[in-house]
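K.L.:
There's a structure below that I have some questions on.
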Amino acid sequence: MDNYTLSIIIPCYNEKEHVEELVRRVNATPIKNKEIIVVDDKSTDGTSELLDSVIAKMVTKVIHHEVNGGKGAALRTGIKNATGDIVIIQDADLEYDPQDYEAVIMPILKKECKVCYGSRFLAKKGLADGEYISNHLANKLLTVLSNFFTHQKLTDMETCYKAFRRDVIQAVEICENRFGFEPEITSKISKMRIRIKEVPISYCPRSMQEGKKIGIKDGLRALICIFKYH
């Protein structure tokens, strides 16, 4: 089962304090064949310079956007450039643990599914340490509404860890530029009559003071996207 390549897409915006450690953790995973693609979404805090001076030696490819477009726009670029058998999304902060990659992609390798999400809520009930109750409840609500229209049985539609067979994700037209990507891709995958599997993952949330970027506007946009793409 080692005869595959995993493409890891890392959308990155103003993550100078975290991205180097994140990439070290990605490289420390036991997966033999990794294609690591970092998409810098016009960072303004020195991230771009760090990517070119240090990170570029640690990854497969660094791509710079000339205009800030948002997470969805960065993912669109990264996915387009992926060449691996399986594609997984990795945020540039340290909330998600790359050691969970194997668990998330294993169902795809075993041909149990074509798409697998890593759920923050399968293994642990209630709030993760440091998680805002408002974010937790919003994620739950958005997942329930998404399930209603997609007929999936997900517990965590908003999770970062989404893994796809490359032919599947590259067949999807991604329109959303920001965090609306999450419900959009779930809806479009569902319209392809693909059942999404979930596996439990770990989660270490960060606060707004630590750089968390998703906010109320993104939650409202996700709500709109659930209805827009169903």
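K.L.:
Can you find even one residue in region 28-42 that is of a type in the set (Gly, Ala, Ser), open to solvent by 20 Å² or more (accessible area, probe 1.4 Å) and either without any contact (Cβ under 8 Å) to a residue 24 or more places away in the chain or more than 25 Å from Val104 (Cα to Cα) (or both)?
P.N.:
no
K.L.:
Now, a different point. Can we say Ser190 is hydroxyl-bearing (Ser, Thr, Tyr), modelled with pLDDT of 95 or more and over 21 Å from Asp41 (Cα atoms)?
P.N.:
Yes.
K.L.:
Need at least 1 residues that are among the small types (Gly, Ala, Ser) per element, so show me which helices (runs of 4 or more DSSP H) inside region 133-197 make the cut, counting only ones lying wholly within it.
P.N.:
Fully inside region 133-197 and qualifying: 133-150, 181-191.
K.L.:
Pick out the one residue from Glu15, Glu49, Glu20 that is touching a helix residue (DSSP H, G or I) at 6+ places or on another chain (Cβ under 7 Å) and part of a helix (DSSP H, G or I).
P.N.:
Of Glu15, Glu49, Glu20, the one residue that is touching a helix residue (DSSP H, G or I) at 6+ places or on another chain (Cβ under 7 Å) and part of a helix (DSSP H, G or I) is Glu20.
K.L.:
Follow-up question, since we're still on this one. Which of the residues that make up region 86-124 are assigned to a loop (DSSP other than H, G, I, E, B), at pLDDT 95 or above and farther than 21 Å from Phe179 by Cα?
P.N.:
Hits for region 86-124 are Lys110, Lys111, Glu112, Cys113, Lys114.
K.L.:
Here are Arg76, Arg120: which of them is under 19 Å from the mean Cα position of the chain (by Cα), under 26 Å from Val38 (Cα atoms) and open to solvent by 70 Å² or more (accessible area, probe 1.4 Å)?
P.N.:
Arg76
K.L.:
Search region 157-186 for residues that are hydroxyl-bearing (Ser, Thr, Tyr) and pair each with any residue that is in a helix (DSSP H, G or I) and open to solvent by less than 10 Å² (accessible area, probe 1.4 Å) when their beta-carbon atoms are under 7 Å apart and the residues are at least 6 apart or on different chains.
P.N.:
Hits for this filter: Tyr161/Val104; Thr186/Ser146.
K.L.:
Moving on. Is it the case that Ile36 is modelled with pLDDT of 95 or more, farther than 23 Å from Gly180 by Cα and outside any loop (DSSP other than H, G, I, E, B)?
P.N.:
When the stated conditions are applied, Ile36 passes them.
The values are calculated or read from the model by the stated rules, or taken from the named source; none is laboratory data. Quick caveat, the model's predicted, so the values are computed rather than measured. We place every Cβ from the backbone using ideal geometry, glycine too, and count neighbours over all the protein chains shown. Note: areas computed on protein heavy atoms with side chains; ligands, DNA, RNA excluded. Shrake-Rupley method; radii C 1.70, N 1.55, O 1.52, S 1.80 Å.
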